[in-house]
Amino acid sequence: MNQSFILNQLAEDRENYFHAVAPPIIQTSNFAYPTVDEFKFAIENEKDQHIYTRGNNPTVDMLCKKMAALEGSEDCLMVGSGAAAISNAVISQVNAGDHIVSVKNPYSWANHLMTRILPRFKVETTFVDGTVFENFVEACKPETKVIYLESPSSWTFELQDLAQIAAFAKSRGIITIIDNSYCTALCQRPIDFGIDLVIYSATKYYNGHSDVVAGAICGSKEKITQIFHNEFMTFGNILAPHNAWLMLRSLRTLPIRLKQSSETTLKVLEYLQNSDKIERIWYPFSDDNPQKDLAQRQMKMPMGMFTVALKNRNVSTIKKFCESLQNFLIAVSWGGHESLIMPKCAFVEANDPQVSMLRFYIGLEEASTIIEDLDKNLALL
Ligand SMILES: *Cc1c(COP(=O)(O)O)cnc(C)c1O
């Protein structure tokens with residue numbers, strides 16, 4: 001389906017809403033039926049009917065249809081956060097006694113789910129270096145039900161070969177789940193490589209204005225329906241209609257926002273590669289990344305987040321550098337209009353080998369503004 005059609009026309013149903021160009025926010029908890037028979041029919045077909053907003057809501061449905069179409073998946077569930085997408089999707093695929101193989105150092109709350117919460121229910125996880133395919137094969141046991149991926153991963157941006165892992169998992173009847181937040185469907189479509197469930201923190205690029213926390217789970221009609229009737233309805237981590245509406249607004253500009261962030265990032269990286277203050281850069285499309293070929297095969301464009309290590313390892317100097325930048329906010333998250341810096345020294349002790357790592361997200365500012373800012377402040381290191 002054509003991307004512009006998806007973002008501007010698909011599922012808008014304007015004939016139902018006075019032909020309003022912007023969709024309405026259907027801010028209601030429940031829906032009434034004129035007859036008991038129609039009510040009974042709705043109850044029996046809850047996945048496709050409007051009964052109660054914990055299940056379905058027209059504003060949220062509109063967003064789900066667009067997200068599924070962008071993904072090339074049969075269906076999508078929107079949830080209240082990326083963390084909810086992770087927990088709903090993973091828990092939906094395991095029972096007590098089952099085993100998960102996960103890429104090492106996944107997003108922190110995915111890690112928490114697999115190391116702290118699931119063991120309470122007798123689900124164990126083995127973490128592997130995902131850059132080597134054979135590690136997944138070796139770690140899988142007869143009880144393995146899920147392979148959990150994040151490509152590229154947070155902070156150091158290691159990739160996994162999605163087609164190879166998906167083919168292996170299928171041959172063993174193992175479900176593959178990927179956190180695709182870094183890429184979005186515009187850059188990488190895991191379903192095309194055979195991955196079963198694709199999850200997102202839609203808080204990041206999809207919403208992109210730093211004003212909504214949201215998540216998405218994309219997959220086959222069968223898997224999404226199963227999750228809907230079980231974890232989704234039970235955990236109740238729904239996306240409110242108003243937040244879905246803000247996201248519909250945000251999707252209109254998704255391609256142009258990604259393009260701007262991507263193009264600026266390449267210019268900023270070109271500048272940083274020539275700086276004698278930088279020890280190392282982690283970025284999928286860097287020339288010195290041993291996985292650059294894989295990045296070019298799997299990812300349609302370079303994205304806007306990377307990590308650098310400064311040569312200077314003095315924590316007070318690093319703090320001063322971060323605080324002096326005028327166009328970078330010190331904050332978690334990413335994918336919004338604003339450039340961000342996340343210093344590792346906020347998470348580790350001064351003697352940690354990673355202390356000089358800085359994760360940058362490049363927002364929608366002019367490249368020249370950002371580079372001038374970096375240049376001025378790197379000179380003081
Ligand atoms: C932020 C993030 C999440 C969690 O999403 P929330 O919307 O904050 O719950 C998951 N995965 C990645 C890669 C993230 O960056």
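The values are calculated or read from the model by the stated rules, or taken from the named source; none is laboratory data. Given the structure is predicted, the values throughout are model-derived calculations rather than measurements. Positions of Cβ are backbone-derived with ideal geometry, glycine not excepted, and every protein chain shown enters the neighbour counts. For accessibility, only protein heavy atoms count, side chains too; no ligands or nucleic acids. Shrake-Rupley method; radii C 1.70, N 1.55, O 1.52, S 1.80 Å.
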Helix 254-273 against the longest principal axis of the chain: what's the angle in degrees, Cα atoms only, rounded to the nearest 10?
20 degrees
Near K311, which lysines are there with a Cα under 16 Å away, not counting those fewer than 8 places off in the same chain?
K277, K319, K320, K344
DSSP beta bridges in the chain [antiparallel fraction, %, rounded to 5]:
55 percent
Within straight cross-link reach of K221, meaning Cα distance under 30 Å, which lysines are found once same-chain residues fewer than 8 apart are removed?
K40, K47, K65, K66, K104, K122, K141, K145, K170, K204, K300
Would you rank D373, D13, D37 by solvent-accessible area, highest first, keeping every protein chain in place and using a 1.4 Å probe?
D37, D13, D373
Row for region 76-202, column shape: gyration tensor on C-alpha, a ≥ b ≥ c, rounded if a/c < 1.5 i.e. under 1.5, prolate if a/b over b/c, else oblate; value rounded
Can you tell me the equivalent ellipsoid semi-axes for the chain? Use √(5λ) from the Cα gyration tensor, largest first, whole Å.
37, 26, 18
Under a 5 Å amide H to amide H cut-off, with H placed in plane at 1.01 Å, what residues pair with I238 once short-range neighbours are removed?
G80
Net charge near D98, counting Lys/Arg +1 and Asp/Glu -1 over other residues with Cβ under 11 Å of its Cβ?
+1
Tilt, helix 162-172 to longest principal axis of the chain (alpha-carbon atoms), in degrees rounded to tens, equals 50 degrees
In nanometres, the difference between 0.36 nm per residue of separation and the alpha-carbon distance of K141 and L266 is 40.8 nm
Computed FRET efficiency, Cβ-Cβ of H112 and D288, R0 22 Å: what is it to the nearest 0.05?
0.10
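Can you sort K311, K145, K204 by solvent-accessible area, 1.4 Å probe, largest first?
Descending accessible area places them as K311, K145, K204.
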Distance in nm between label sites at D129 and V36, each 7 Å beyond Cα in the beta-carbon direction?
6.8 nm
Can you bin region 95-135 into rounded, prolate or oblate? Criterion: square roots of the alpha carbon gyration tensor eigenvalues sorted a ≥ b ≥ c, rounded for a/c under 1.5, prolate for a/b above b/c, oblate for the rest.
oblate
Would you mind classifying region 285-381 by shape? Square roots of the alpha carbon gyration tensor eigenvalues, ordered a ≥ b ≥ c; an a/c under 1.5 is rounded, otherwise it is prolate if a/b is larger than b/c and oblate if not.
oblate
Probe 1.4 Å - accessible area at Y182, Å² to nearest ten:
10 Å²
Report, to the nearest 10°, how far helix 241-251 tilts away from the longest principal axis of the Cα atoms in the chain, using its own Cα long axis and a range of 0 to 90°.
50 degrees
Could you pull out the longest piece of the chain with no exposed loop GluC sites (Glu not before Pro) in it, calling a site exposed if DSSP puts it outside H, G, I, E, B and it has at most 12 other Cβ atoms within 10 Å?
1-348
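Can you compute the helix-only [θ] at 222 nm over the chain? Use -39500 (n - 2.57) per DSSP H run of at least 4 residues, normalise by all residues, nearest 500 deg cm²/dmol.
Theoretical 222 nm ellipticity from helices: -10000 deg cm²/dmol.
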